[in-house]
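The values are calculated or read from the model by the stated rules, or taken from the named source; none is laboratory data. Only a predicted model underlies this, so the values are computations on that prediction, with no experimental measurement involved. Don't worry about glycine lacking a Cβ; one is built from the backbone with ideal geometry, like all the others, and counts go over all protein chains shown.
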Amino acid sequence: MSMIRITPQLSIPERDLRFSFTTSGGPGGQNVNKVATRAVLNFNIDRCEALSDDQRVAIRIALFTRISKEGNLRLVCNRFRTQEKNRKLVLEVFAQLLATALRPRRTRHATKPTHSSRHRRLESKRARSVIKKSRRARASDD
């Protein structure tokens, strides 16, 4: 059984990944119409036993736009003209996405604005105010 290394501590068995291949659009002539080179990878986060609950949550948070309601992560690659190259690339993208999603985030520490940044902000507000005042219709002395 082959494993896909995500981080030094996490490897996902290839049996948890579902591949399908379809014909891809774009340039390529007859080859595009006849040969199924487009690689589609489907990975169900909920069914993968290699992931802990915390890892599942982290992946769902980081990749929420890419994951379906059923928990499927779907990646597509049709950059190359061969099925094998597209398969390798989609696996690399998959490993990189998960590694990035599982990377611990730095906690943000609240800071106060510096004296000079406050001064610059207030100066820009004053300058804007002067510009706006100059646009107003002047009252006539009639």
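A few remarks follow.
- Index of the failed condition, residue 82 passing every other in (1) within 25 Å of the chain's Cα centre (by Cα); (2) under 30 Å from residue 38 (Cβ atoms): (1)
- Screening the candidates 38, 74, 66 for the property of being among the basic types (Lys, Arg), modelled with pLDDT under 85 and out of contact with any helix residue (DSSP H, G or I) (no Cβ under 6 Å at 6 or more places or on another chain) yields one hit, 38.
- Test: residue 110 is modelled with pLDDT of 90 or more and either of a type in the set (A, V, I, L, M) or more than 30 Å from residue 50 (Cβ to Cβ) (or both): yes
- Residue 121 meets all of the listed conditions (1) charged (D, E, K, R); (2) touching a Pro at 6+ places or on another chain (Cβ under 9 Å); (3) under 25 Å from residue 20 (Cα atoms) but one, namely (3).
- Qualifying residue in the range 102-118 (condition: in a helix (DSSP H, G or I), touching a residue at least 12 places away in the same chain (Cβ under 8 Å), under 28 Å from residue 22 (Cα atoms) and of a type outside the set (S, T, N, Q)): no
- Hey, residue 91 part of a helix (DSSP H, G or I) and surrounded by 14 or more Cβ atoms within 10 Å (Cβ to Cβ) or not: yes
- Among residues of the range 63-72, those that are of a type in the set (A, V, I, L, M, F, W, C) and outside any loop (DSSP other than H, G, I, E, B), counted: 1
- When 7, 22, 37, 65 are checked against the criterion of being in contact (Cβ under 8 Å) with a residue 60 or more places away in the chain, among the hydroxyl-bearing types (Ser, Thr, Tyr) and out of contact with any His (no Cβ under 7 Å at 6 or more places or on another chain), a single residue qualifies: 7.
- When residue 75 is tested against (1) part of a strand (DSSP E or B); (2) surrounded by fewer than 12 Cβ atoms within 10 Å (Cβ to Cβ); (3) of a type outside the set (Gly, Ala, Ser), exactly one condition is not met: (2).
- Residue check for residue 129: among the hydroxyl-bearing types (Ser, Thr, Tyr), over 36 Å from the mean Cα position of the chain (by Cα) and at negative phi: yes
- Just one of the numbered conditions (1) under 15 Å from residue 100 (Cα atoms); (2) in contact with a strand residue (DSSP E or B) (Cβ under 6 Å, 6 or more places away or on another chain); (3) touching a residue at least 60 places away in the same chain (Cβ under 8 Å) is not true of residue 73: (3).
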